[in-house]
Amino acid sequence: MAIATDSDESASPRILDTLKGPAAAVSAAYVAVATLYILFSDLIVSLISSDPEVLIELQMTKGFAFVAVTGVSLFLVWTSLEKRERHERLRHENTRKRLGDLSNALPNPLLILDTDGRLVEWNAANEAVLGYSHSNLSGMTVDALAHPDDLAAAKAAIGRVKDTARPTNADVRLVTADGRTLSYRWHGAPLLDANGAVSEIAVVGIDMTDLKDAQERLRGALQGVKHVLKQTVDAIAMAVEKRDPYTAGHERRVAVLSLEIAHEMGLSNDACEGLEYSALLHDVGKLAVPTDILTRPGRLTASEFDVVKSHAEHGYEILREIDFPWPVADIIRQHHERLDGSGYPQGLKADEICREARIIGVADVVEAMWSHRPYRAGLGIDAALDELRAGSGTRYDPDVVRACETVIARGFAFAPAVA
């Protein structure tokens, strides 16, 4: 069935409309010729003779001639108009048939809806896709075809076309006769009546079912990969803890506080995910630091502390060849940098330090001062906040400091260390 042409009932009026112009022109020409004929024929008759009997004969002859000429002219005009109407009707029927054949040859569902969402016309693909017969589809509405969860979206799309007289798109799932759910993307365009108002809506559907299924499978596979990645990162963090038992749990606690700060600052979910991995791995470079230095309970000498400080660069070297979706290696390298350039290992300043490294840098300081160390008791949260406030805008990013203060004011606390 064609869906892009007018119905047969409206075909004749449209064809006749195309003939109104020529008919009016013929009528006007006829009036002009008849008027000239009457005027000039009377003049010619008066010049031929003034005899009353002859004039009567001439007038009768003129009348018969006028009737004959008029009849022949009208016959020729009517024949021409009738021939043209037959030609227009045949052209219309052929066009409708070609469009019908074309629409039925397409695999995509094509249909026409009225403004209430009722099916008016459709092609054969609708019956094949939906599994309904022609008689079943007749009079059906989107209420019966759309998935219940997508019905509101379908009606909203119909409303947009009706109200704006502009095309629109909508992703609406179909429910087939046997209960299967198919994912389709629909494009609807307005069909206007003689007054320019939307009378019907032409809709074409693109089957997205296979694509949606592939996306779901890919999403599941991605979640599996992320799970393995998280397990791997946790294992590496645990390996670092095993080499430095005195700071066990430090990486996890820094990651927890970093995420709280990031959420307070409005970072995206993706940025938070990269931040979490970076925080969990921020001390991975300690794997390259000698164990006797890491595990020494007392204070370190200046040279020994320089060795410990090298862990930021070692962490970068360890991870730089791993193709993370985030700049994890750079974040780890920069987490001891400070805004005023007093940090290490590169002495970066201000915006040269990435945002995630600034967040981890603040969380690292808070965790280190809050928690106990072998050579000192924990200094407590007040001391940590005093350090942040004293360095806000110089050593530490003031936005990060404010977010950290807000998080702690809400009652944040680190979970107790697990022995």
Of the residues in the stretch 192-211, those that are under 23 Å from R160 (Cβ atoms), free of Cβ contacts under 8 Å to residues at least 60 places away in the same chain and not hydrophobic (A, V, I, L, M, F, W, C) come to D193, N195, G196
Note: among R389, R402, R395, just one is under 40 Å from the mean Cα position of the chain (by Cα) and basic (K, R), namely R402
With the first residue restricted to the stretch 99-119 and required to be over 21 Å from T209 (Cα atoms), and the second required to be modelled with pLDDT of 85 or more and basic (K, R), Cβ contacts under 6 Å at 6 or more apart or on different chains are T115/K162
Turns out the helices (runs of 4 or more DSSP H) fully within the stretch 251-315 with at least 3 residues that are among the hydrophobic types (A, V, I, L, M, F, W, C) are 269-280, 302-309
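Out of R402, R376, which single residue is out of contact with any helix residue (DSSP H, G or I) (no Cβ under 7 Å at 6 or more places or on another chain), modelled with pLDDT of 95 or more and open to solvent by 30 Å² or more (accessible area, probe 1.4 Å)? Write out each step before concluding.
On the way: R376 fails: modelled with pLDDT of 95 or more.
Among R402, R376, only R402 is out of contact with any helix residue (DSSP H, G or I) (no Cβ under 7 Å at 6 or more places or on another chain), modelled with pLDDT of 95 or more and open to solvent by 30 Å² or more (accessible area, probe 1.4 Å).
At pLDDT 90 or above, of a type in the set (A, V, I, L, M) and not in a helix (DSSP H, G or I), is that true of L119?
yes
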- Taking the condition within 19 Å of W370 (Cβ to Cβ) and β-branched (V, I, T), does V254 pass? yes
By residue number, the members of the stretch 169-181 that are open to solvent by 20 Å² or more (accessible area, probe 1.4 Å) and in a strand (DSSP E or B) are N169, D171, R173, V175, T181
Over the stretch 125-168, the set of residues acidic (D, E) and open to solvent by 80 Å² or more (accessible area, probe 1.4 Å) is D149, D163
Within the stretch 345-367, the residues that are in contact with a Leu (Cβ under 6 Å, 6 or more places away or on another chain) and either of a type outside the set (A, V, I, L, M, F, W, C) or free of Cβ contacts under 8 Å to residues at least 40 places away in the same chain (or both) are A350, E356
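Table: residues versus (1) more than 17 Å from P109 (Cβ to Cβ); (2) touching an Asp or Glu at 6+ places or on another chain (Cβ under 9 Å).
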{"site": "N126", "(1), (2)": "no, no"}
{"site": "V129", "(1), (2)": "no, yes"}
{"site": "M140", "(1), (2)": "no, no"}
{"site": "A165", "(1), (2)": "yes, no"}
{"site": "N169", "(1), (2)": "no, no"}
{"site": "D193", "(1), (2)": "yes, yes"}
{"site": "I201", "(1), (2)": "no, yes"}
- [ ] Determine whether S342 is touching a Lys or Arg at 6+ places or on another chain (Cβ under 9 Å), touching a residue at least 12 places away in the same chain (Cβ under 8 Å), polar (S, T, N, Q) and surrounded by fewer than 18 Cβ atoms within 10 Å (Cβ to Cβ).
- [x] yes
Condition set in contact with a His (Cβ under 9 Å, 6 or more places away or on another chain) and open to solvent by less than 80 Å² (accessible area, probe 1.4 Å), scope the stretch 203-227, selection nearest to L174 (Cα to Cα): answer is G205
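The values are calculated or read from the model by the stated rules, or taken from the named source; none is laboratory data. Just so it is clear, the model here is predicted, and its values are computed rather than measured. Here Cβ is always computed from backbone atoms with ideal geometry, including for glycine, and neighbour counts include all displayed protein chains. With ligands, DNA and RNA removed, areas are computed over all heavy atoms of the protein, side chains included. Shrake-Rupley method; radii C 1.70, N 1.55, O 1.52, S 1.80 Å.
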